[in-house]
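Taken together, the values in this text are just the output of simple stated rules run on the coordinates, not laboratory data. These numbers come from a predicted model, not from an experiment. Cβ placement follows ideal geometry from the backbone for every residue including glycine, while neighbour counts extend to all protein chains displayed.
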Amino acid sequence: MTQTIPPFYDKNMTCDICTHSFTTKKMRSRFIRVDQVENDFYKTYKDPLLNPLLYEAAVCPECGYSFTDSFLPVKKEELKEAFQNQVSSSWKKRDFGGERDYETALTIMKLTLLSAKVTSQPYGLMGSICLRIAWLHRYQEKSSEEARFLDQAAVQYEKSFLEGDFRDIAMSELALLFILGECYRRTGNKEKARKYFSKVIEHKDKHLEPNLVERTREQWYETKAN
Ligand SMILES: [Zn+2]
């Protein structure tokens, strides 16, 4: 007798802010069927509801703290207190541990951005959350909202480049510069797109990520041609 394996499983989590334990759904990797990948790493899936992006963030049902695997641990008491005062105090207990649709995932990702801001996570991490919010709008074909969050992603990634905090979230400088150029290309800021694509092409570490550099060249030409 064979048992059908469901696409999701419950993962145990512990909240950094209030230490509450809860479960959140994650996708089993064998169910991930990528259809297409775009240049900013946005992916479409054969079954849109089997999209791991919908399950990237966990939400503590007790205090509202919403986080991904890339979040740095919150150690400072003052940051925990800031979150409790600014977010938890008005949080209505809600469990996001079930299956999710795109609207729910968007609500959660916006809460994740707020959680990252209040707990002073690296700018590079905030950029990647803004990029994910932009993707969730792209799935829903809301282009003006998508552009608004691509803009915000670029602002955060730019701060990350200046501060160097992308290293804290294991992101390479080349990957950061590429995605920065790509956010600007997509929002129509060709000048800044070319500036950051050039930094990739001329980077001292370019031999380490030849595929990324090649892709950057293609995008650089595209911003020149159009
Ligand atoms: Zn909590």
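Compared with the direct C-alpha span, the chain from residue 155 to residue 5 gains 49.8 nm at full extension, assuming 0.36 nm per residue. Look at 138, 167, 132, 33 and count the other Cβ atoms within 10 Å of each Cβ; fewest to most, that gives 33, 167, 138, 132.
Enclosing the Cα atoms of the chain in their convex hull gives a volume equal to 147 cubic angstrom per residue.
Here the stretch 122-226 is treated with +1 on each Lys and Arg Cβ and -1 on each Asp and Glu Cβ, and its dipole about the Cα centre works out to around 280 debye.
If the rule is a partner Cβ under 4.7 Å, which cysteines in the chain fail it? Cysteines of the chain left without a disulfide-compatible partner: 130, 183. Considering the stretch 1-125 at the alpha-carbon level, its Rg and Dmax are found to be 15.8, 55 Å.
A DSSP coil position with no more than 13 other Cβ atoms inside 10 Å describes the following trypsin sites (Lys or Arg not before Pro) in the stretch 168-226: 204. Were the residues from residue 167 through residue 90 laid out at 0.36 nm apart, the gain over their Cα-Cα distance would be 24.3 nm.
Under the criterion of Cα pairs below 8 Å and six or more residues apart, the relative contact order for the stretch 164-226 equals 31 percent.
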